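Below is one structure; the comments refer to it alone.
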Amino acid sequence: MTRRPRRGTLPVLPAALALLLTVVLSGCSLLEGDADPGAEPSTTPTAEVTEEPYDSQFTRDGTFQSHIDVNGVDFVYTLYPTKSTPRTNEWYPRGNKFFTVTFQAYDLDRALRDPFRTKRLVYLDHIQATSVTKTSDGRGNQRPYSLDAEARRVTFDPEPLSTKYGMLITSPKGSLELRNQRIKPMSLDTRGVDLSFTATVWIQESPGSKRFYKRQIRQTVPIAIFESDEPTVVASIPINAN
């Protein structure tokens with residue numbers, strides 16, 4: 001007589017059938033190459049997948065600062081938005097956007113409060129800046145911001161300490177300050193813009209020395225631009241905007 005399984009239990013399946021059922025239920029394959037040869041992997045993103053934002057410290061933190069060490073001299077670029085367009089998460093392709101940039105040198109061989117005469121002097125001769133946009137399709141060839149000038153003629157201080165090498169930028173006696181720099185309107189598909197600065201400087205070999213050597217200090221600053229048909233809101237138009 002064949003026994004019936006007890007109520008509430010399942011009949012015992014042969015080992016091979018049980019293994020096959022496990023494979024089907026788990027969605028895994030025991031064999032390689034058993035997929036449909038005509039199947040194509042889906043390239044359509046799911047609803048949970050979102051595009052990565054344009055990576056920008058300036059946009060995220062509302063400021064950008066970098067430190068570049070050249071033979072013990074710390075060159076510091078600092079950028080921040082002005083009061084005219086202070087909300088970096090509302091910088092859209094249309095409309096002008098304004099920022100301020102400063103550039104200064106620190107002699108790392110000396111403490112900040114050491115006498116100034118014990119520090120190496122650094123002079124800034126020329127400042128240049130270029131820009132390039134990045135669009136939603138990964139391309140971009142617009143140039144919404146540019147600068148090419150003798151530093152002492154464009155800095156905010158009308159009478160910077162200057163020599164034949166340029167204007168003094170050694171802290172705390174000197175600094176380049178460019179206020180209300182204007183990024184011009186861009187195409188609607190713009191998602192970012194990279195600002196690239198090049199400063200031509202002369203560095204004193206040692207405190208009190210009459211010998212200087214020349215270097216170029218470069219820095220690129222990525223800035224995110226958010227999608228919108230509306231122009232960037234300008235709270236007030238700077239009088240001395242470039």
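The values are calculated or read from the model by the stated rules, or taken from the named source; none is laboratory data. Everything numeric here is computed off the predicted structure, so don't read it as measured data. No Cβ is skipped: glycine too gets one built from the backbone with ideal geometry, and neighbour counts run over all protein chains shown.
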Evaluate the following for Leu79: is it touching a Phe, Trp or Tyr at 6+ places or on another chain (Cβ under 9 Å) and farther than 17 Å from Gly192 by Cα?
no
Restricting the search to segment 121-164, which residues are among the small types (Gly, Ala, Ser) and touching a His at 6+ places or on another chain (Cβ under 9 Å)?
Ala149, Ala151
Qualifying strands (runs of 3 or more DSSP E) (wholly inside segment 78-195; at least 1 residues being among the charged types (D, E, K, R) and within 21 Å of Gln57 (Cα to Cα))
97-107, 122-135, 176-183
Please tell me if Gly192 is under 13 Å from Leu124 (Cβ atoms), among the small types (Gly, Ala, Ser), out of contact with any Cys (no Cβ under 8 Å at 6 or more places or on another chain) and buried (at least 16 other Cβ atoms within 10 Å of the Cβ).
no
Can you tell me which residue in segment 111-141 is nearest to the chain's Cα centre (by Cα), limited to those that are within 19 Å of Asp69 (Cβ to Cβ) and aliphatic (A, V, I, L, M)?
Leu124
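Matching residues to (1) surrounded by fewer than 20 Cβ atoms within 10 Å (Cβ to Cβ); (2) modelled with pLDDT of 95 or more; (3) hydroxyl-bearing (Ser, Thr, Tyr); (4) touching a strand residue (DSSP E or B) at 6+ places or on another chain (Cβ under 6 Å):
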residue: Glu90; (1), (2), (3), (4): yes, yes, no, no
residue: Asn96; (1), (2), (3), (4): yes, yes, no, yes
residue: Phe103; (1), (2), (3), (4): no, yes, no, yes
residue: Arg113; (1), (2), (3), (4): yes, no, no, no
residue: Ser131; (1), (2), (3), (4): no, yes, yes, yes
residue: Ser136; (1), (2), (3), (4): yes, no, yes, yes
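Residues of segment 97-109 being without any contact (Cβ under 8 Å) to a residue 40 or more places away in the chain and not hydrophobic (A, V, I, L, M, F, W, C), which ones?
Hit for segment 97-109 is Asp109, nothing else.
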